[in-house]
Amino acid sequence: MIDRYVETLSTYAKDIDNLILLIGVLVGFWFILCEVIFFYFIIHFRAKDGKRAEYISGEEKSHKRWISAPHLLVLVCDVFIVVGAVKVWYEVKQQLPEPYETVRIVGQQWAWSFVHPGADHELGTADDIKTVDELHVEVGKVYHFKLEARDVIHSFSVPVFRLKQDAIPGRVITGWFEPTGTGTYDIQCAEICGIGHGVMVARIVIESPERHAAWVAEQSPITLAAANRP
Amino acid sequence: MAESIPADATHGHDVHHHAEQSFWSKYVFSTDHKMIAMQYMFTGMAMALIGGFMAYAFRMQLAFPGIEVPGYGTVTATDYNALVTNHGTIMIFWVAMPVLIAAFGNFLIPLMIGCDDMVFPKINRLSYQIFLLSAIVLISSFFVPGGGFGGGWTAYPPLSAKGEYNLTSLGSSLWLVAVALEFVAFLLGGINFVTTAMNARAPGMKMFDIPIVVWLIVVASILFMASVGPLIAGAVMLFMDQNIGTAFFDPDKGGDPVLWQHLFWFFGHPEVYVVLLPAMGITAEIMCVFARKKMFAYKTFIYTTFGTGVLSFTVWAHHQFVAGIDPRMANIFTVTTLLISIPIAEMCFIYIATLYGGSIRLTTPMLWALAFVAEFLIGGVTGIFLGASGADIYFHDTYFVLAHFHYTFFPIAIIGTFAGFTYWFPKMFGKMMNETLGKIHFWGTIIPFNGIFIPLFVLGGAGQHRRIYNYQHFPDLAGVEMQDLRVFATVSLIIMLAFQLVFFYNCFISWRKKEKDAGKNPWKANTLEWTAESPPPHGNWPELPTVYRGPYEYSVPGREEDYYPQNVPG
């Protein structure tokens with residue numbers, strides 16, 4: 001359902017979409033069933049002259065069956081949804097695969113800043129590439145991110161990845177993603193963070209390995225020069 | 001528990017002491033539950049107009065970014081944040097709460113259980129006065145330097161805690177004080193509701209002879225009183241963080257901002273049920289009367305309510321799945337959240353089963369009650385997407401969430417209120433409302449309501465996140481198709497707001513009618529309020545009624561009439 005509106009560009013995006021579809025089918029079934037019966041009753045049991053309503057207490061077992069049986073079916077649907085939800089959740093938030101690189105992401109009023117590990121694939125070294133409002137990643141590689149907030153709560157959200165994680169001041173939260181296609185897309189701040197919340201937009205640039213290497217090569221001298229400046 | 005209460009236990013005092021009163025003691029400093037109910041009702045409706053106007057202003061900005069909104073002016077980013085924050089705060093705390101719990105609770109509990117007033121009339125008066133004060137404090141917060149608070153109605157610190165972050169230090173303190181005062185008002189009201197319903201029932205009224213709406217208001221009051229404590233504590237801590245430099249929520253000094261979220265949502269989720277239950281009760285009353293049916297499985301419905309109430313305390317962290325809590329906690333809260341679907345689904349099935357075999361008259365109140373069920377179902381099923389942790393990663397803080405909770409709160413606060421108001425209007429004022437105007441108003445509200453929020457589901461699915469004053473800043477959200485949906489929603493909102501004029505006109509002409517044409521029992525209903533005069537005098541009945549049966553004995557076989565009032569012996 002979601003991929004009609006937003007591209008599906010991470011390894012787990014498809015799983016989240018499928019979970020949403022599963023829930024959509026199950027609740028859609030109940031929704032349509034309930035509304036159809038409801039409207040049928042409203043039309044069918046309209047007041048007619050000389051016809052009285054029936055007297056049904058609903059307390060006898062034979063009556064209660066009509067609400068207790070569907071209700072068990074609802075429980076079965078719940079089990080399916082819980083299993084699906086927990087599986088996806090575990091994959092996205094609990095089970096982090098080995099990273100190719102780690103990036104640092106810092107939210108502040110009202111910009112995202114990113115620290116890329118640079119040519120040596122290691123954060124915290126002299127060739128780290130710092131950018132504002134632009135995150136460069138390579139397609140097909142597993143990235144970890146270390147998410148921080150400098151002032152208030154922000155939320156790092158990349159709709160094409162189906163990824164969202166709040167950034168909490170005073171904490172470093174680790175997460176992961178693996179892009180599956182190239183292009184440039186929105187990074188949102190999804191948690192209200194003050195008057196500039198509405199302009200806190202960044203872009204994620206997902207590049208092919210060659211282009212990403214070229215970008216790193218292009219940025220490295222600038223970064224190194226900045227680091228070596230006395 | 002199911003014993004009848006002896007007549008002189010609660011009604012031993014003289015009920016004829018209610019003398020004529022002066023204007024001030026009758027309308028302003030009244031202790032009469034019906035007058036306090038009217039005060040709450042009209043204060044709530046006035047606040048709804050303010051909240052609706054705010055929605056108009058910020059939806060105009062979303063549809064036509066940067067225009068001069070007629071009647072408001074340009075909506076800046078600061079204005080926008082203050083408008084959405086206060087729209088949410090007002091609609092929940094100053095509209096849904098006062099109208100559904102306080103107004104209907106005050107009006108209905110004594111009349112439906114057959115007593116002359118609340119057991120603590122002066123506490124009741126104090127409750128309204130504090131509530132009014134809280135509303136004044138909230139409105140004054142818009143006019144202080146810096147303007148109203150704009151940190152979202154959930155007021156997450158550190159944004160809400162520090163003036164340097166939110167730039168509205170006085171506005172946010174006043175906002176917080178107003179909310180805390182409002183809670184105090186409803187704590188006082190809740191004590192009254194529970195005590196009155198449990199202790200002041202008419203002779204003969206057993207526990208399971210109490211009308212469902214009274215039961216549900218009692219359960220809602222208990223939920224409110226049990227959940228609000230942590231939030232009041234949180235509000236005090238946040239106020240101290242704001243004003244005297246404590247650091248409960250300040251991570252730089254050892255505090256924890258996520259603690260506030262737990263305190264807030266531990267209250268915030270039961271709060272949904274606090275307003276939902278009275279609306280469900282109102283719906284149940286109306287459906288039984290206009291389907292001429294006994295409530296299907298009345299006792300099961302009541303037990304289900306208790307179940308919902310207990311479960312509602314165990315689900316709060318589903319608001320915080322991606323908020324930096326331990327990811328393993330999400331699994332537990334997914335299970336508890338989905339369990340809530342069981343009692344809520346059961347309630348919906350009971351509503352539908354109640355219609356079976358009925359003799360349904362589609363009067364205006366019945367249309368509203370049926371619309372409540374039909375629309376609330378949409379809110380209910382879309383909640384499953386958000387309760388399932390894996391799907392919530394995507395939907396959290398998008399317009400999907402926004403559309404979901406408007407599909408719950410709009411049926412609750414607006415449809416539920418119109419259902420109850422049109423149903424009990426004859427009792428409140430002794431006059432019938434105009435049915436044709438009532439139906440025009442109904443369709444003029446329901447159709448545009450869906451026109452507002454169905455597009456917002458689509459926008460949320462397309463990744464549009466909340467509380468952004470201008471989506472043109474986001475390249476992926478700036479497309480023409482998405483903008484068209486925003487315009488569609490805004491136009492629907494304006495149409496819906498315009499149709500509210502029909503409602504106020506209908507109220508006005510009905511209220512101005514010379515003759516009191518309602519009589520005691522215009523709908524041929526069973527519950528006790530319909531045995532009193534319309535409107536009931538101070539003290540309600542010259543002789544308090546005695547109860548002989550349950551509230552939903554409609555179409556009893558062998559009786560000539562298709563209703564059997566609770567107070568008729570036999």
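The values are calculated or read from the model by the stated rules, or taken from the named source; none is laboratory data. Treat the numbers as computed from the prediction; the structure is a model and nothing was measured. Neighbour counts are summed over all protein chains in view; Cβ atoms, including those assigned to glycine, are modelled from backbone coordinates with ideal geometry. When the accessible area is computed, the model is the full protein with side chains, heavy atoms only, and any ligands, DNA or RNA have been set aside. Shrake-Rupley method; radii C 1.70, N 1.55, O 1.52, S 1.80 Å.
General remarks:
- Within region A:206-230, considering residues that are open to solvent by less than 50 Å² (accessible area, probe 1.4 Å) and either polar (S, T, N, Q) or under 18 Å from the mean Cα position of the chain (by Cα) (or both), the one farthest from A:A111 (Cα to Cα): A:S208
Residue by residue, here is whether (1) closer than 15 Å to A:F38 by Cβ; (2) touching a residue at least 40 places away in the same chain (Cβ under 8 Å); (3) hydroxyl-bearing (S, T, Y) holds:
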{"site": "B:T308", "(1), (2), (3)": "no, no, yes"}
{"site": "B:R328", "(1), (2), (3)": "no, no, no"}
{"site": "B:P343", "(1), (2), (3)": "no, no, no"}
{"site": "B:T354", "(1), (2), (3)": "yes, yes, yes"}
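- Within region A:29-47, tally of residues that are touching a strand residue (DSSP E or B) at 6+ places or on another chain (Cβ under 7 Å) and open to solvent by 90 Å² or more (accessible area, probe 1.4 Å): 1
- Of all residues in region A:44-79, those being more than 7 Å from chain B (Cβ to nearest Cβ) and among the polar types (S, T, N, Q) number 2.
- Any hit, region B:164-186, residues being within 26 Å of B:V272 (Cβ to Cβ), part of a loop (DSSP other than H, G, I, E, B) and touching a residue at least 60 places away in the same chain (Cβ under 8 Å): no
- Region B:382-436 holds helices (runs of 4 or more DSSP H) entirely within its bounds, and those carrying 1 or more residues that are within 14 Å of another protein chain (Cβ to nearest Cβ) and either in contact with a helix residue (DSSP H, G or I) (Cβ under 8 Å, 6 or more places away or on another chain) or of a type in the set (S, T, Y) (or both) map to B:389-395, B:399-409.
- Whichever residue in region B:68-88 is β-branched (V, I, T) and open to solvent by 60 Å² or more (accessible area, probe 1.4 Å) and, among such residues, is nearest to B:V137 (Cα to Cα): B:T76
- Any chance B:I468 is within 14 Å of chain A (Cβ to nearest Cβ), open to solvent by less than 20 Å² (accessible area, probe 1.4 Å), free of Cβ contacts under 8 Å to residues at least 40 places away in the same chain and under 30 Å from B:G324 (Cβ atoms): yes
- Residue selected from region B:111-168 under the condition of a type in the set (A, V, I, L, M) and open to solvent by 50 Å² or more (accessible area, probe 1.4 Å), by the criterion farthest from the other protein chains (Cβ to nearest Cβ): B:I123
- Residue in region A:137-149 that is in contact with a Leu (Cβ under 7 Å, 6 or more places away or on another chain), in contact (Cβ under 8 Å) with a residue 40 or more places away in the chain, crowded, with 23+ Cβ neighbours inside 10 Å and part of a strand (DSSP E or B) present: no
- Restricting region A:86-130 to residues that are of a type in the set (S, T, N, Q) and crowded, with 17+ Cβ neighbours inside 10 Å leaves a set whose member that is farthest from A:A225 (Cα to Cα) is A:Q109.
- Scanning region A:176-187 for residues that are open to solvent by 10 Å² or more (accessible area, probe 1.4 Å) and either of a type outside the set (S, T, Y) or closer than 21 Å to A:R150 by Cα (or both) turns up A:W176, A:E178, A:G181, A:G183.
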